[in-house]
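The values are calculated or read from the model by the stated rules, or taken from the named source; none is laboratory data. Here the structure is a predicted model, which means the values were calculated and not measured. We place every Cβ from the backbone using ideal geometry, glycine too, and count neighbours over all the protein chains shown.
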Amino acid sequence: MRPRWRQTLLSSNWPEGVGRIVLPEIDSTNAEAARIAPSLSGPTWILALRQTKGRGRRGRDWRDPEGNFAATYITRPGGPPDQVALRSFVAALALHEALLTLTGRPESFALKWPNDVLLNGGKLAGILLESIGHGAQVGHLAIGIGVNLQHAPEGEAGAVSPVSVMSETGICASPEEFLDILAPAYARWDHQLVTYGFAPIRQAWLTRAARLGQPIVARTVTETHEGTFEGIDATGALVLRMTHGLRAIPAAEVYFS
């Protein structure tokens with residue numbers, strides 16, 4: 001399929017009061033966010049056109065070929081850590097919206113708990129939240145987002161195979177173009193969370209969830225749980241229906257059979 005370029009949202013849609021930093025190359029946008037957080041006057045997007053030491057959950061390497069999207073949103077969200085962590089669902093919904101705007105294919109995308117976006121069943125994007133602060137207080141929150149816009153790196157054994165926007169749809173967007181779509185989408189969903197709480201965010205996420213009502217496997221550091229994916233609870237924990245009833249799992253890796 002021949003790649004084609006598509007015009008994206010105009011930069012005039014950029015959210016008011018949000019900064020934008022574009023770097024030719026950096027080790028990690030989350031690491032850069034931690035370095036510059038004290039000097040920032042407000043929430044800021046940091047975009048790297050090339051990231052050399054990207055990382056995912058649990059310290060995994062995040063491979064980031066040039067042309068893919070690697071950015072971090074750094075903000076001071078306020079509130080207790082468990083509430084701050086709900087921004088992962090905000091980021092997932094914003095990513096889903098931005099990808100639909102880019103491709104016009106709502107049927108192709110789904111959200112995989114806890115932090116992935118799927119395209120045609122393959123892993124397209126990941127989200128990494130890291131707090132920057134002291135003790136129980138979150139001074140800053142760094143929301144790292146990686147999207148395979150143009151290239152799909154090699155996958156890990158047993159994991160969902162990676163895909164890219166270009167390989168699956170033929171649409172080729174630059175990281176800067178994609179950020180122009182994602183930033184206002186994130187601002188809208190975050191406003192919903194702040195204004196109305198987690199309940200509407202939870203419901204919106206569930207309508208986009210992958211494998212809802214189907215068997216999945218959830219692996220923690222010490223245990224493996226098999227059951228039916230019933231949804232997420234009011235804290236964002238995975239709800240699994242097992243032989244002896246429902247179980248809420250706050251952190252795990254999810255695998256599809």
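Structure values in brief
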{"item": "Tally of residues being surrounded by fewer than 17 Cβ atoms within 10 Å (Cβ to Cβ) and not polar (S, T, N, Q) across region 218-229", "result": "5"}
{"item": "Of all residues in region 53-76 being modelled with pLDDT of 90 or more and over 17 Å from the mean Cα position of the chain (by Cα), the one that is surrounded by the fewest Cβ atoms within 10 Å (Cβ to Cβ)", "result": "Arg76"}
{"item": "Checklist (1) modelled with pLDDT of 95 or more; (2) touching a helix residue (DSSP H, G or I) at 6+ places or on another chain (Cβ under 8 Å); (3) over 25 Å from Phe229 (Cα atoms) applied to Arg105, failing item", "result": "(3)"}
{"item": "Every residue from region 167-181 that is crowded, with 19+ Cβ neighbours inside 10 Å and either assigned to a loop (DSSP other than H, G, I, E, B) or not assigned by TED's automatic domain parsing to the domain that holds Trp45 (or both)", "result": "Ala173"}
{"item": "Whichever residue in region 220-241 is more than 22 Å from Arg202 (Cα to Cα) and under 23 Å from the mean Cα position of the chain (by Cα) and, among such residues, is modelled with the lowest pLDDT", "result": "Val221"}
{"item": "Counted residues, region 234-245 - those being closer than 21 Å to Ala85 by Cβ and exposed (fewer than 15 other Cβ atoms within 10 Å of the Cβ)", "result": "2"}
{"item": "Which numbered condition Val194 misses (of (1) at negative phi; (2) at pLDDT 95 or above; (3) not in a helix (DSSP H, G or I))", "result": "(3)"}
{"item": "Any hit, region 169-191, residues being touching a Phe, Trp or Tyr at 6+ places or on another chain (Cβ under 7 Å), within 22 Å of Glu16 (Cα to Cα) and of a type in the set (A, V, I, L, M)", "result": "yes"}
